[in-house]
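Chemist: Sharing a structure below in structure tokens format, with a few things to ask.
The values are calculated or read from the model by the stated rules, or taken from the named source; none is laboratory data. Values in this document were obtained by computation on a predicted structure and should not be read as measured data. No Cβ is skipped: glycine too gets one built from the backbone with ideal geometry, and neighbour counts run over all protein chains shown.
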Amino acid sequence: MFELIFLGTSASAPSIKRGLSAMVVKHEEYRFLIDCGEGTQRQILKSGIGFKRLNTILLTHGHLDHILGLAGLVSTFMRWEAIDAINILGSKHTMERVSDLINGVVLRGTQPPMPINLLDIKPGVILEAENFRVTAFPVDHRGSSSLGFRFEELPRRPFLPEKAEALGVPPGPWRKDLVAGKAITLADGRIIQPDEVLGEEKPGAKLAIVGDVGRPEKLLPYIQGVDALVVEATYLNEEAEMAEEFGHTTAEAVAKLANEAGVGQLILTHVSRRYRDDDILNEATAIFPNTILAHDFDTFQVKHKD
């Protein structure tokens, strides 16, 4: 299961009710900040999630409404001794802009108290943990070398406690080893194989997050079959030409994409102040009913649905 916490859901400029682009993805002990618009650190505090273990930052692209909050956040982290290192990941184009902001404005030649790692990443697997992976994929948005991120739990075989009980496998490290795929030897000398206590393999949850996108149809290979897709809905279809001019998309277009990709749930963000929330949501749900319009501080759980 992945948990999503939206910190900022407005497009381009903040509104009274919406901050600029930022969200947190949680999976067990892992926490990722996706984008960091102006004012993000205040939104983190207001949300109640705090700064602990929030030192891996994934950036969709380098436009200012997605990165300006890094200056304040990094400055705060530098005064907070609990952070061992700050890891900021994005495309080469994005990291060049972030370097200007961090090195040219925040640090200005001073030595930070912890490593600040600005990591240039390319499409492909960027993190492989014990039970999930994160993959970056290309996104078409005004020549910004944008990236989207796919979070995917690895398939797993559920532990069947009733079978373990019947075989006399005691609680504790023996069961943990069996879940990890290791055979165990009991006190009476019997060898128990993992297949004896594990069920059929089940797929895990899949989540795709996209920032700004001008050509949503190009996302299809990367978001196919995800349980939840988070994507911008900056414009309504009545202004589709303007959306194309500025490298954005419409609620209607991403709803059509969700249908074609077999997405479980569509979550819209990066919305413009020019529209009413109901108008955005109605345009999308007419095509893809399982659509939600995110608001600041909304929280969602993403689970795999059989």
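Chemist: Please identify the pairs in which a residue from the range 128-150 that is within 20 Å of Lys202 (Cβ to Cβ) has its Cβ atom under 7 Å from the Cβ atom of a residue that is among the basic types (Lys, Arg) and modelled with pLDDT under 95, counting only partners at least 6 apart or on another chain.
Modeler: Every condition considered, the pairs that remain are Asn131/Arg156.
Chemist: Scan the range 125-132 and tell me whether some residue there is loosely packed, with under 14 Cβ neighbours inside 10 Å, modelled with pLDDT of 95 or more, of a type outside the set (Lys, Arg) and in contact with a Phe, Trp or Tyr (Cβ under 9 Å, 6 or more places away or on another chain).
Modeler: no
Chemist: Has the range 151-158 got at least one residue that is part of a loop (DSSP other than H, G, I, E, B) and crowded, with 18+ Cβ neighbours inside 10 Å? Working first, answer last.
Modeler: So in the range 151-158, the residues part of a loop (DSSP other than H, G, I, E, B) come out as 154-155, 157-158.
Going one step further and asking which of them are crowded, with 18+ Cβ neighbours inside 10 Å, we end up with none.
No, the range 151-158 contains no residue that is part of a loop (DSSP other than H, G, I, E, B) and crowded, with 18+ Cβ neighbours inside 10 Å.
Chemist: In the range 159-175, how many residues are surrounded by 11 or more Cβ atoms within 10 Å (Cβ to Cβ) and either part of a loop (DSSP other than H, G, I, E, B) or out of contact with any strand residue (DSSP E or B) (no Cβ under 9 Å at 6 or more places or on another chain) (or both)? First the steps, then the outcome.
Modeler: We begin by selecting, within the range 159-175, every residue surrounded by 11 or more Cβ atoms within 10 Å (Cβ to Cβ); these are 159-161, 163-170, 174-175.
Add one more test, that the residue is either part of a loop (DSSP other than H, G, I, E, B) or out of contact with any strand residue (DSSP E or B) (no Cβ under 9 Å at 6 or more places or on another chain) (or both), and what stays is 160-161, 165-166, 168-170.
Summing the residues that are surrounded by 11 or more Cβ atoms within 10 Å (Cβ to Cβ) and either part of a loop (DSSP other than H, G, I, E, B) or out of contact with any strand residue (DSSP E or B) (no Cβ under 9 Å at 6 or more places or on another chain) (or both) in the range 159-175 gives 7.
Chemist: Give, as residue ranges, the strands (runs of 3 or more DSSP E) completely inside the range 93-142 that count at least 1 residues that are acidic (Asp, Glu).
Modeler: Details: elements: 116-120, 124-128, 132-139.
Counting at least 1 such residues, we get 116-120, 124-128.
Chemist: If you don't mind, there's one more thing I want to ask. Looking only at the range 62-72, filter to residues that are crowded, with 24+ Cβ neighbours inside 10 Å and in contact (Cβ under 8 Å) with a residue 40 or more places away in the chain; which one of those is farthest from Ser10 (Cα to Cα)?
Modeler: First, the residues of the range 62-72 that are crowded, with 24+ Cβ neighbours inside 10 Å: 66-67, 69-70.
From what is left, the residues that are in contact (Cβ under 8 Å) with a residue 40 or more places away in the chain are 66, 69.
Values: His66: 10, Gly69: 14 Å.
For the range 62-72, the residue satisfying everything is Gly69.
For every residue, the table says whether it meets (1) under 22 Å from Phe149 (Cβ atoms); (2) among the small types (Gly, Ala, Ser); (3) modelled with pLDDT of 95 or more; (4) touching a strand residue (DSSP E or B) at 6+ places or on another chain (Cβ under 6 Å).
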residue: Val210; (1), (2), (3), (4): yes, no, yes, yes
residue: Pro216; (1), (2), (3), (4): yes, no, yes, no
residue: Tyr222; (1), (2), (3), (4): yes, no, yes, yes
residue: Gly247; (1), (2), (3), (4): yes, yes, no, no
residue: Phe297; (1), (2), (3), (4): yes, no, yes, no
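Chemist: How about the range 1-50: which of its residues are aliphatic (A, V, I, L, M), assigned to a loop (DSSP other than H, G, I, E, B) and touching a residue at least 12 places away in the same chain (Cβ under 8 Å)? Let's see the steps before the verdict.
Modeler: Applying the first criterion (aliphatic (A, V, I, L, M)) to the range 1-50 yields 1, 4-5, 7, 11, 13, 16, 20, 22-25, 33-34, 44-45, 49.
If we keep only those that are assigned to a loop (DSSP other than H, G, I, E, B) as well, we get 1, 11, 13, 16, 49.
Hits for the range 1-50 are Met1, Ala11, Ala13, Ile49.
Chemist: Hey, can you tell me all the residues within the range 90-119 that are touching a residue at least 40 places away in the same chain (Cβ under 8 Å), of a type outside the set (S, T, N, Q) and within 19 Å of His61 (Cβ to Cβ)?
Modeler: Scanning the range 90-119 gives Gly90, Lys92, His93.
Chemist: Still on this structure, please answer the following. Among (1) in contact with a Lys or Arg (Cβ under 9 Å, 6 or more places away or on another chain); (2) assigned to a loop (DSSP other than H, G, I, E, B), there is one condition Gly72 misses while meeting the rest; what is its number?
Modeler: (2)
Chemist: Can I ask one more? Can you name every residue in the range 142-197 that is within 30 Å of Glu128 (Cβ to Cβ) and among the acidic types (Asp, Glu)?
Modeler: Of everything in the range 142-197, those that are within 30 Å of Glu128 (Cβ to Cβ) and among the acidic types (Asp, Glu) turn out to be Glu152, Glu153, Asp177, Asp195, Glu196.
Chemist: What's the number of the only condition in (1) crowded, with 18+ Cβ neighbours inside 10 Å; (2) within 30 Å of Ala205 (Cα to Cα) that Arg53 fails to meet?
Modeler: Status for Arg53: all satisfied but (1).
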